[in-house]
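Notes for the one structure printed next.
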Amino acid sequence: MLRVSLYFLAVASVCLLFADIEITTLDPWQEIRRIALGWVTPDLPVLYTFKDALLNTLTFAFCGITFGVLFGACLAFLFHINLVRLFCAFIRAIHEIFWAFIFLPIVGLNPICGVLAIGVPYAGVFAKVYAEILQEADQNPLKGLPPGTRSISRFVYGILPVTYSDLKNYTAYRFECALRSSAILGFIGLLTLGFHLETAFREGLYSEAAALLYTFYLLIASLKYWLRPRLVPVYVGLSFILISKETSLSWENIARFFTYEILPWPMRREGFLSGTYEITFPAGQVWAWAVDVFTGEGLVGVWNTVILTQIVLAGTGLFTLVGFAAVCRHFSPPAFARGSHFLLIILRTTPEYILAYAFIQLWGPSMLPGIAAIVLHNGAILSYLTGQNADLVNLRMDAPEKKPNRYFFEVLPRVYGQFLAFLFYRWEVMMRESAILGILGIYTLGFFIDSAIADDKLDKAVFLILFTALLTMVIDTISQKIRKRLRISPGAVLTIRE
């Protein structure tokens, strides 16, 4: 395990040599002072103005998670089929914002766009997680069922009772993620909290931004009080009723998007110029177009995305190795541990996209804001999980008294394997985050996708999004092989809530 860690640390060190890390703003300290002042003087009365955005954030999350659970559960029963497994890997490899970009020209800037942007990738996630939870379930209850029991009855009476708790906990955790996804969809124009948060940051209204963030933190923190299983059907029903009032679909737009607009430009050029809109297939020109897009933009985007991902992977690991000790009972006094835990809650609750946006206002659009945002967000998640594992460690009678020795020779060796499991499981997520941060001006794949959409070149945008998905799928495959080689079970990672 140590050798694998050193390999990745060495790769990240080499990547730092090629990374664009610089501060381009003239006086970041003045902006930091303004942000700090805004944090201690939140403009709470303005929140009433944003009540509709808060409601949209909730309804998008409820409808999106319902869509994801229903389709993900169906796909989970077919997950043993290679084609289904690849399909799920593909749809979850594309970030929610990229899905929103895809659905935007189809359904327009309305709630259904946000619901599908959350629901489609979450269906892929749920299919994988549900399938692995069911696969690792205790099979002994099935022995008590009569011979010839149908598969549905076997699942309901033999598998579901022993997996219900894990399925419920993971679904509840994904709803928290859906709230974060719903919020950041406001950055592309959907009227959620992120829409007003971006406006507040862009106009320097940091007291207003602080009030919005505090509201979001309170929303996440209060989930355990109002997100009761028996009330979920009520919330979902109300959400779909509210969504249906604002939704409009054009099947003509849907057909046009899939059969015309996303086709490579050489296939549409002659018909477009002649006004007939006929489609041809000049294979040589299509190939030349694809090569030109990849070499001119895709290759740069892939390179920068990989560079950023490998740096934040190592950075998150280092952050976690320090951070978990701050919340672990074996190293920190109770008061300090509670304060550290509260800080980790803030960092992991704040979407990395929002963190990166704030850091860009301070330092400018280099890789530095992206590195800081992804490391802080994922490091807070992994520090919490690793700290929980470390708290379960019972020290030996002869455990070292000095905390450095206790850390390196007693606790760390006993939690290191699970720490690597958490880290490599988040690797795929970090790749998606690195790609999407390009929308903020960092030269990853998201930058070129956003530029293509701004230029109304949907064919180029979809082509580059496919590269993002393939890149994430490659990372996920490598991560699975490493975890398998290290003999780390994925179940421990999947069923623990953040």
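The values are calculated or read from the model by the stated rules, or taken from the named source; none is laboratory data. From a predicted model like this one, the values you see are computed outputs, not experimental measurements. Glycine also receives a Cβ, built like all others from the backbone with ideal geometry; neighbour counts cover every protein chain displayed. Surface areas here come from the heavy atoms of the whole protein model, side chains and all, with no ligands, DNA or RNA. Shrake-Rupley method; radii C 1.70, N 1.55, O 1.52, S 1.80 Å.
Taking ALA288 as the residue in question, decide whether it is assigned to a helix (DSSP H, G or I), of a type outside the set (Phe, Trp, Tyr) and modelled with pLDDT under 85. Answer is no for this residue.
I'd like the full set of residues that are in contact (Cβ under 8 Å) with a residue 40 or more places away in the chain and of a type in the set (Phe, Trp, Tyr), limited to segment 309-348. Those that are in contact (Cβ under 8 Å) with a residue 40 or more places away in the chain and of a type in the set (Phe, Trp, Tyr): PHE319, PHE324, PHE331.
Scanning segment 14-29 for residues that are touching a residue at least 12 places away in the same chain (Cβ under 8 Å) and either open to solvent by less than 70 Å² (accessible area, probe 1.4 Å) or of a type outside the set (Ser, Thr, Tyr) (or both) yields CYS15, LEU16, PHE18, ALA19, ASP20, ILE21, GLU22, ILE23, THR25, PRO28. Every condition in (1) closer than 28 Å to ASN304 by Cα; (2) touching a Leu at 6+ places or on another chain (Cβ under 9 Å); (3) open to solvent by 20 Å² or more (accessible area, probe 1.4 Å) is met by TYR384 except one, and the failing one is (1).
Residues are listed down the side, and each one gets a yes or a no for (1) open to solvent by less than 20 Å² (accessible area, probe 1.4 Å); (2) touching a Cys at 6+ places or on another chain (Cβ under 8 Å); (3) over 20 Å from SER479 (Cβ atoms):
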residue	(1), (2), (3)
HIS80	no, no, yes
LEU86	no, no, no
ALA89	yes, no, no
ALA93	yes, no, no
ILE102	no, no, yes
GLY108	no, no, yes
PRO111	yes, yes, yes
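The test for being part of a loop (DSSP other than H, G, I, E, B) and either closer than 25 Å to PHE67 by Cβ or open to solvent by 20 Å² or more (accessible area, probe 1.4 Å) (or both) does not hold for GLU297. Against the list (1) under 25 Å from TYR225 (Cα atoms); (2) among the aliphatic types (A, V, I, L, M); (3) at pLDDT below 75, the condition ALA183 fails is (3). For segment 166-186, taking the residues that are open to solvent by less than 20 Å² (accessible area, probe 1.4 Å) and touching a Leu at 6+ places or on another chain (Cβ under 8 Å), the one that is farthest from ILE220 (Cα to Cα) is identified as GLY186.
Residue-by-condition table, conditions (1) open to solvent by 40 Å² or more (accessible area, probe 1.4 Å); (2) aromatic (Phe, Trp, Tyr); (3) under 21 Å from PRO28 (Cα atoms):
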| position | (1), (2), (3) |
| --- | --- |
| SER340 | no, no, no |
| ILE374 | no, no, yes |
| ALA390 | no, no, no |
| LYS403 | yes, no, no |
| LEU412 | no, no, no |
| MET431 | no, no, no |
| ALA435 | no, no, no |
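On the stretch given as segment 244-273, residues that are among the aliphatic types (A, V, I, L, M), open to solvent by less than 70 Å² (accessible area, probe 1.4 Å) and modelled with pLDDT under 85 total 2. Residue check: is TYR217 under 30 Å from VAL40 (Cα atoms), part of a helix (DSSP H, G or I) and in contact with a Ser or Thr (Cβ under 6 Å, 6 or more places away or on another chain)? So TYR217 fits the description; yes.
Kindly establish whether VAL232 is in contact with a helix residue (DSSP H, G or I) (Cβ under 6 Å, 6 or more places away or on another chain), among the aliphatic types (A, V, I, L, M) and over 30 Å from ASP43 (Cβ atoms).
Details: in contact with a helix residue (DSSP H, G or I) (Cβ under 6 Å, 6 or more places away or on another chain): no; among the aliphatic types (A, V, I, L, M): yes; over 30 Å from ASP43 (Cβ atoms): yes.
In short, no.
Applying a threshold of 7 Å to beta carbon distances and a minimum spacing of six or more residues, or different chains, the list of pairs starting in segment 144-173 at a residue that is without any contact (Cβ under 8 Å) to a residue 40 or more places away in the chain and ending at one that is among the basic types (Lys, Arg) and open to solvent by 40 Å² or more (accessible area, probe 1.4 Å) reads LEU145/ARG154.
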